[in-house]
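*Asks:* First the structure, then my questions, so here it is.
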């Protein structure tokens, strides 16, 4: 056994090719520009912290932290009581669900990674809505997926394109946020949901139905889940981030029986299990009776904020702009007039202490450079009016 | 736009090939066999819940849950105060570290996944100790790695084999648990640490130095980290699971500057960030002055448990068995005499209400069928004696 002299140093191996394909989040980089406290930023997707039920949540932690078991390792599938509560919500919602159908995740973001691990090998094709939730695009890029965007036809998903692209690419899955989508605030109607389920059955692809905003409905009637039309084909993701608070990082996958063991292995390899303490506290809080009124307060306040934004937008955006009026969620999706570029406009408006997110980064393929996303949940109606007034002045559209 | 009739159903796509390469954890399956409360199981790797500082931890949660900010989204890199505390520990330990060198993870298990994403493409070669921490093998399999085991020569890593295998396979990294390894309890000595660092520099591979047990030392002098000999080549993983409690799921990656942005993107894609609440509570607890005496209690008690096991093993294992005497950690590694098979023996001893883990599942390549792992942290010394007495009877080795 010899100890060789360390005369040479070989170069370090590079990062992985798949990591090279994922860009740092442009939203993240933009948010860095809006951190000055004087900026009213409609760019982020942050819930309103003053609406969190801090006392109720603290009481739940205090209660569960009286048993050493919450400090111990637990199962990869997650807290039994929490899974029973979530299963009950699905069942009440028309989608019969057992606790064993659910795997608790560290936020629903983790569910995207677990399903990518379980379903994707590098080079596999998947379909996404165009535009699409940005951090999902990142996760799919890191899995080496070939990501193909399904375009919208106006405000509706182009279902014929979905059919055509599914036939052409044999995708492993179609990823959708069907209700109050991020970034567009759009919701697939009943017919679209039936046709997505039907396409999944005919072409043999799965659907990942990501529902972080489902419970943030302020108007209109709830719609059945896509899963209810094709239970064997649809994997559902859920989250308490918008309903209790995001700091807990608790979400779940509702998985089909055929891939449940695989998703469980992926979860075990990912982080063994989600925080035992946070899971127990969430279950206790949901069982305490405080969650429902807290959510009702959040809904009422967010509805007022949405209305304040929609009321001000005609005075804010330049003539010829368009935008939608979502029934819930956190976002309004707008389009500047022909010839304007949202990224260029953001650079122009930032000195006026107001910000939004350009739509371009949310596209997997060629971007709509005129699009932008406005979040209405972070500020009070009064502050929204101040911010949009600044935006209108900056855009020169005061009229 | 037509709605096609749903007459045919295409078959669902299978799970990914990489998921198929990861087996469900055999330890997990075995643990299922030991869940009867009458079983004294030396199989698991569980800390002792009665030694957790439940009151101190509850007080920390109660304190931090007075500010809504702990319920909000936070940065992917993690809680600033927590990272400063960990950076201070590294620096005091002889490895100068800034908070910005650290990324908080959801347990150190997640660090394995983040580094796999950042460093590995499918088919890339990596080196591991043979035997190796089981859930690391799973994570590397899910990343599509070609896993090559570096054998031990007796109780020491075969450093010539490390050199030879590095030259032959050009691995992306060598994964090691250098101190009180899982499953073997083995620790790389000073010379081995220098030579591993030297091999990394000469061959141009990275080292992942996983240190969950470093602070669980009961005898002998601490050793410098491998990172201190080759700071640019070594990525370190750490965890509070053995020091505060595993239920919090808080670990970290100490990353080198060249791949820090890539690891940050991987973390963002994995779960956005680790629980804001758990991170804040951990930082508060560590700053409260209660953590150091609690860890001292844990060390004192685990040392007594290790001694109880080492004292009883000569009366427990059949003549011709061998085992080691680790200076810390949670595990003793034993070998049954020639001709005995640990998995077959486990099946024979389980009816006697006692259990261990066979060593075979921990091997990436051909297994040592005579090896087994015994955990000494879960039970009191008295209960360890009862359990090992049952094991001795079951193995027919009472003498």
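*Asks:* Restricting to the protein assembly as shown, what percent of DSSP beta bridges are antiparallel, rounded to 5? Present the calculation step by step, with values, prior to reporting the outcome.
*Replies:* On the way: 40 of 74 bridges.
Rounded to the nearest five, the antiparallel share is 55 percent.
*Asks:* Ok, one more. For peptide B:43-54, compute the average count of partner chain beta-carbon atoms within 10 Å of each residue's beta-carbon. Spell out each step's value before the answer.
*Replies:* On the way: counts 0, 1, 1, 2, 3, 2, 7, 1, 2, 5, 2, 6.
What the average comes to for B:43-54 is 3.
*Asks:* What shape does the stretch B:169-295 have by the C-alpha gyration tensor, where a ≥ b ≥ c are the square roots of the eigenvalues, rounded means a/c under 1.5, and otherwise prolate means a/b greater than b/c and oblate the rest?
*Replies:* Cα axes put the stretch B:169-295 in the oblate bin.
*Asks:* First obtain the Kirkwood hydrodynamic radius of the stretch A:10-167 from its Cα pairs, then insert it into the Stokes-Einstein equation at 20 °C and 1.002 mPa s, and state the resulting D in µm² per second as a whole number. It would help to have the intermediate numbers written out before the result.
*Replies:* Details: Rh = 20.1 Å.
Answer, rounded: 106 µm²/s.
*Asks:* To continue, here is another question. Compute the whole-percent fraction of alpha carbon pairs in the protein assembly as shown spaced more than 36 Å apart.
*Replies:* 46
*Asks:* Continuing with the same structure: Enter the per residue convex hull volume of the stretch B:60-287, computed from alpha-carbon coordinates, in Å³ rounded to the nearest integer. Each step should come with its number before you reach the end.
*Replies:* On the way: hull volume 25.8 nm³, N = 228.
Cα-based convex hull of the stretch B:60-287, divided per residue, equals 113 Å³.
*Asks:* Within 10 Å of each residue's Cβ, count the other Cβ atoms and sort A:252, B:323 from fewest upward. Provide the component values of the computation, followed by the final result.
*Replies:* On the way: A:252 27, B:323 20.
Ordered from fewest to most neighbouring Cβ atoms within 10 Å, A:252, B:323 come out as B:323, A:252.
*Asks:* Gaussian network model of chain A, Cα springs within a sub-10 Å range: biggest mean-square fluctuation belongs to which of A:144, A:329, A:94?
*Replies:* Maximum among the listed residues: A:94.
*Asks:* How crowded by other chains is B:275-288, given as the mean number of beta carbons from other chains within 10 Å of each beta carbon? Before the final figure, lay out the partial values.
*Replies:* Numbers: counts 11, 6, 11, 7, 1, 1, 3, 0, 0, 0, 0, 0, 0, 0.
Mean shielding by partner chains, rounded to a whole number: 3.
*Asks:* For label points placed 7 Å from Cα toward Cβ, what is the shortest-first list of nm distances from residue B:311 to its copies?
*Replies:* 7.7
*Asks:* Using a label position 7 Å from Cα in the Cα→Cβ direction, what is the ascending list of nm distances from residue A:219 to the same site in the other copies?
*Replies:* List, nearest first: 7.5 nm.
*Asks:* Pull out the extension gain between residue A:343 and residue A:8, defined as 0.36 nm times the separation in residues minus the alpha carbon to alpha carbon distance; nm, one decimal.
*Replies:* On the way: separation 335, 0.36 × 335 = 120.60 nm, distance 4.77 nm.
Additional length available on full extension: 115.8 nm.
*Asks:* Mind checking which of A:283, A:48, A:344 has the largest fluctuation in a GNM of chain A, springs on alpha carbons under 10 Å?
*Replies:* Comparing A:283, A:48, A:344 in a Gaussian network model of chain A, the most mobile one is A:344.
*Asks:* Another question about this same structure. Within 10 Å of each Cβ in A:302-308, how many Cβ atoms from other chains are there, averaged over the peptide?
*Replies:* Details: counts 0, 0, 0, 0, 0, 0, 0.
For peptide A:302-308, the averaged partner shielding equals 0.
*Asks:* Work out the FRET efficiency for residue A:292 and residue A:190 from their Cβ-Cβ distance, taking R0 = 30 Å, and round it to the nearest 0.05. Don't jump to the answer; show the numbers that get you there.
*Replies:* Working: r = 26 Å, r/R0 = 0.88.
So the FRET efficiency works out to roughly 0.70.
*Asks:* Okay, moving on. Can you give me the distance in nm between label points at residue B:50 and residue A:100, each placed 7 Å from the Cα along the Cα-to-Cβ direction?
*Replies:* In this crude label model, residue B:50 to residue A:100 measures out at 3.4 nm.
*Asks:* List the distances, in nm and shortest first, from the label point of residue B:258 to the matching label points in every other copy, placing each point 7 Å from Cα along the Cα-to-Cβ direction.
*Replies:* For residue B:258, the inter-copy label distances come out at 4.4 nm.
*Asks:* Same structure again: Take the alpha carbon gyration tensor of the stretch B:122-200, find the square roots of its eigenvalues, order them as a ≥ b ≥ c, and report rounded if a/c is under 1.5; if not, report prolate when a/b exceeds b/c, else oblate. The partial results should precede the final answer.
*Replies:* On the way: a/c = 2.07, a/b = 1.24, b/c = 1.66.
Because a/c hits 1.5 or more and a/b fails to exceed b/c, the stretch B:122-200 counts as oblate.
*Asks:* With r defined as the distance between the Cβ atoms of residue B:69 and residue A:38 and R0 fixed at 25 Å, what FRET efficiency is calculated, to the nearest 0.05? Provide the component values of the computation, followed by the final result.
*Replies:* Numbers: r = 19 Å, r/R0 = 0.76.
Plugging the Cβ-Cβ distance into 1/(1 + (r/R0)^6) gives 0.85.
*Asks:* Give me the Å³ per residue figure for the convex hull around the C-alpha atoms of chain A. Can you show the working numbers first?
*Replies:* Numbers: hull volume 76.9 nm³, N = 399.
Here the figure is 193 Å³ per residue.
Read-outs: derived from the displayed coordinates by stated rules, not from any lab. Keep in mind that this is a model prediction, so the values were computed, not measured. Cβ: placed from backbone, ideal geometry, glycine included. Neighbour counts: every protein chain shown.
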